Amino acid sequence: MSILEESSQDASGGESELMACHQCDLLVEVAELEEGSKALCPRCSHKLQASPRGGVSRPLGLSIAALGLFGLSNAFPFMSFKGAGQEQMITLCHNVMELYRHDSELLALTVFGLVVVLPCLYLVATILMLIPMRKGRRHPAFPGLAKIVFGVGPWAMVDVFLLGVLVSLTKIASMAKVELGLSFIAFVLFAAAFSMVVSSMDKEWLWREWERLETK
């Protein structure tokens, strides 16, 4: 079998195109995928392309939900501490301010950038990119928005921040009474929704879908 005839067993029939595997550089002819399927490299099993269930509607809906949950996580107290007769309530942005006030400017800017700015930029760009596609339009701003989405995505450290908070809570709980606020619950749901958005955004599939649309 020649390399032009090799394809993933998960690919369906239909219009096909040649793709180079990013892992082993094998040229693979990938057919148009059915919804919920993916194409794998026959040599190294690296994912070449994936077609999410629900098409663009799934990542679009998750992005809108994640952005709303992020707003909630900043609108109410994140958590409160009670100990030695004192009580202190903090919000998500208050964490950044406290780091800055305690001479940790670089850490404060890092947290603000990777946990607040970049995730919001990612979600807004994703929504602006997918809404025209959902309506069947080939928007000319898609290439620029796609560069933002796939360039920013790897730097958004929402899950890392949440893991750090959970580890810190196990230490603080032995010294003070900790009460989790509504914003903490909203942030956990936001982190889950954000991870689902990232996992459902396949670059090759999105570009292929965009190229098939007619400019209106």
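The values are calculated or read from the model by the stated rules, or taken from the named source; none is laboratory data. Model, not experiment: these values are computed from the prediction. Cβ: placed from backbone, ideal geometry, glycine included. Neighbour counts: every protein chain shown.
Descriptive notes on the structure:
- Among the residues listed as 198, 149, 167, 117, the single one being of a type outside the set (Asp, Glu) and in contact with a Leu (Cβ under 9 Å, 6 or more places away or on another chain): 149
- Condition met for residue 186 (assigned by TED's automatic domain parsing to the domain that holds residue 71, modelled with pLDDT of 85 or more and surrounded by 15 or more Cβ atoms within 10 Å (Cβ to Cβ)): yes
- Failed item in (1) surrounded by 15 or more Cβ atoms within 10 Å (Cβ to Cβ); (2) touching a Gly at 6+ places or on another chain (Cβ under 9 Å), with residue 121 passing the rest: (2)
- Looking across segment 87-126, the residues that are among the hydrophobic types (A, V, I, L, M, F, W, C) and in contact (Cβ under 8 Å) with a residue 24 or more places away in the chain come down to 89, 92, 111, 114, 115, 116, 118, 120, 121, 123, 124, 125.
- Qualifying residue in segment 102-110 (condition: within 19 Å of the chain's Cα centre (by Cα) and under 17 Å from residue 190 (Cβ atoms)): no
- Residue pairs whose Cβ atoms lie under 7 Å apart, separated by 6 or more positions or on different chains, with the first residue in segment 187-216 and among the small types (Gly, Ala, Ser) and the second assigned to a loop (DSSP other than H, G, I, E, B) and crowded, with 16+ Cβ neighbours inside 10 Å, are 200/52.
- Residue among 141, 146 that alone is small (Gly, Ala, Ser) and buried (at least 18 other Cβ atoms within 10 Å of the Cβ): 146
For (1) modelled with pLDDT of 75 or more; (2) of a type in the set (S, T, N, Q); (3) out of contact with any strand residue (DSSP E or B) (no Cβ under 7 Å at 6 or more places or on another chain); (4) surrounded by fewer than 13 Cβ atoms within 10 Å (Cβ to Cβ), each residue gets a yes or a no:
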| residue | (1), (2), (3), (4) |
| --- | --- |
| 17 | no, no, no, no |
| 34 | no, no, yes, no |
| 41 | yes, no, no, no |
| 44 | yes, no, yes, yes |
| 52 | no, no, yes, no |
| 64 | yes, no, yes, no |
| 81 | no, no, no, no |
| 102 | yes, no, yes, yes |
| 107 | yes, no, yes, no |
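Residues checked against (1) more than 25 Å from residue 22 (Cβ to Cβ); (2) not in a helix (DSSP H, G or I):
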residue	(1), (2)
113	yes, no
116	yes, no
159	no, no
165	yes, no
179	yes, yes
195	no, no
206	no, no
210	no, no
